1. Take Asp318 and tell me if it is charged (D, E, K, R) and either in contact with a helix residue (DSSP H, G or I) (Cβ under 8 Å, 6 or more places away or on another chain) or under 24 Å from Met213 (Cα atoms) (or both).
2. Inspect all residues belonging to segment 336-344 and state whether any of them is on the phi < 0 side of the Ramachandran plot, modelled with pLDDT under 95 and assigned to a strand (DSSP E or B).
3. Cβ contacts < 8 Å: first residue in contact (Cβ under 8 Å) with a residue 12 or more places away in the chain and of a type in the set (S, T, N, Q), restricted to segment 252-274; second residue assigned to a strand (DSSP E or B) and surrounded by fewer than 15 Cβ atoms within 10 Å (Cβ to Cβ), any location; separation 6+ or different chain. Result?
4. Check Asp222, Asp216 and return the single one that is charged (D, E, K, R), part of a strand (DSSP E or B) and touching a residue at least 40 places away in the same chain (Cβ under 8 Å).
5. Is at least one residue of segment 167-175 among the β-branched types (Val, Ile, Thr), out of contact with any Lys or Arg (no Cβ under 8 Å at 6 or more places or on another chain) and closer than 25 Å to Thr236 by Cβ?
6. For segment 279-288, check the following and say yes or no: at least one residue is in a strand (DSSP E or B) and either among the β-branched types (Val, Ile, Thr) or more than 21 Å from Val229 (Cα to Cα) (or both).
7. Suppose we keep only residues that are of a type in the set (A, V, I, L, M, F, W, C) and in contact (Cβ under 8 Å) with a residue 60 or more places away in the chain within segment 178-192. Which one would you say is surrounded by the most Cβ atoms within 10 Å (Cβ to Cβ)?
8. Tally the residues that are surrounded by 12 or more Cβ atoms within 10 Å (Cβ to Cβ) and more than 28 Å from His190 (Cβ to Cβ), restricting the search to segment 271-293.
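The values are calculated or read from the model by the stated rules, or taken from the named source; none is laboratory data. None of the values given here were measured: they were computed from a predicted structure. No Cβ is skipped: glycine too gets one built from the backbone with ideal geometry, and neighbour counts run over all protein chains shown.
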Amino acid sequence: MSESSPVTSGTGVVPDDSGAGSDAPATRSGDGAGGSAGAAAAGPAAVDRETLRLALVVGGLVLAVLLGFGLGRMNAPAGPARPGGATAGGVATGGADGGAHAHSPGTGAHTHDGATVTQGGGDGATGLSITSAGYTLEPSTELVAGRAGELRFQIRDDQRRAVTRFAVVHDKPMHVIMVRRDLGGYRHLHPTMAADGTWSVPITAPDAGPWRMYADFTAVADDGRQVAVVLGADLTASGAYRPRPLPAAATSAAVDGFTVAYAGTPEVGKSVPLRFRVTGADGAAAALEPYLGAYGHLVALREGDLGYLHVHPEPVRDGDDVTFWLTAPGPGSYRMFLDFQVGGVVRTAEFTLTVA
């Protein structure tokens, strides 16, 4: 074989005659060893970066949750106010916004110390319970038919404290209505309160039998909020009870030489105006005088359960008429009692009303 003949390797690979071929395998071998050492050196740093990134993400989520919880507490609505108690005695007058309190169902537009309050009637009667809105009526009275006595009671809050803070509404801090179970013997009383929260007023039950008393008031809660409440309780005047039938329905009534008539037809669940006019014996409109801050005071009681509707008039008279807005909570018979004042004397006209 000639010396000039090419030489082949046993592997069939032609060696790189530039000399790089022999260095390449060494370089690859060196890369393998160096790669293992580099990975070992870079591993802890990579793990630390991943741990830091995860910690930042978790911390951000926790911070977001805490911020959301804090903002929620800051914007949470205030809870219900606790009824006022004996810690601060006295009465409060209604403000320019009408006293900032709710009213009984059946109450229409009326005034509180000159401020107009417009409220449509509700869909239910009040005065059916001895406890309502956190307040309880506790009477301590024994009635004897035909004998002069004294009606005494307290209003207690949900902590059993005697309430002594009441708002003056329609010139009085407390209105008491008394009526026999057959809707006869109507009385509208204004008791006075002692320092311990005991209310009292002289009373004579003209007839024996079961009576119903209503305490109509606006309590002032600890936070100053005013809450209008009507509570009812049964009383008994000793003696034989002889119930009388309800008089026939009529839209006019005579009392002490005056004729009182009204126009309007109440409907269930709808606020309807009733326009009352008082005329004298000569047929001319009577010179009505303000009574309890208005030109009339109307109470309607439902036959059967004696559900109570306390209705106030429009603040402005419509000519010679006094307008009340009444919402009948349900069908049936009602007895309406209109108090009005002429010549310094308060009189009461009574009507039977049938709601279909």
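1. Numbers: charged (D, E, K, R): yes; either in contact with a helix residue (DSSP H, G or I) (Cβ under 8 Å, 6 or more places away or on another chain) or under 24 Å from Met213 (Cα atoms) (or both): no.
It is false that Asp318 is charged (D, E, K, R) and either in contact with a helix residue (DSSP H, G or I) (Cβ under 8 Å, 6 or more places away or on another chain) or under 24 Å from Met213 (Cα atoms) (or both).
2. Initial filter on segment 336-344 (on the phi < 0 side of the Ramachandran plot): 336-342.
Checking the rest, the ones that are also modelled with pLDDT under 95 come to none.
For segment 336-344, residues on the phi < 0 side of the Ramachandran plot, modelled with pLDDT under 95 and assigned to a strand (DSSP E or B): absent.
3. Note: pairs meeting the criteria are Thr259/Ser252.
4. On the way: Asp222 fails: part of a strand (DSSP E or B).
Result: Asp216 is the single residue among Asp222, Asp216 that is charged (D, E, K, R), part of a strand (DSSP E or B) and touching a residue at least 40 places away in the same chain (Cβ under 8 Å).
5. First pass over segment 167-175, keeping only residues among the β-branched types (Val, Ile, Thr): 168-169.
Of the ones still in play, those that are also out of contact with any Lys or Arg (no Cβ under 8 Å at 6 or more places or on another chain) are 168-169.
Among the residues that remain, those that are also closer than 25 Å to Thr236 by Cβ are: none.
There is no residue in segment 167-175 that is among the β-branched types (Val, Ile, Thr), out of contact with any Lys or Arg (no Cβ under 8 Å at 6 or more places or on another chain) and closer than 25 Å to Thr236 by Cβ.
6. yes
7. Quick first cut of segment 178-192, residues of a type in the set (A, V, I, L, M, F, W, C) only: 178-179, 183, 189.
Narrowing further to those that are in contact (Cβ under 8 Å) with a residue 60 or more places away in the chain: 179, 183.
Details: Val179: 21, Leu183: 23.
Step by step, filter segment 178-192, then rank; the result is Leu183.
8. As a first pass, look at segment 271-293 and keep what is surrounded by 12 or more Cβ atoms within 10 Å (Cβ to Cβ): 271-280, 285-286, 288-289, 291-293.
From the residues that got through so far, the ones that are more than 28 Å from His190 (Cβ to Cβ) too are 272.
Number of matching residues: 1.
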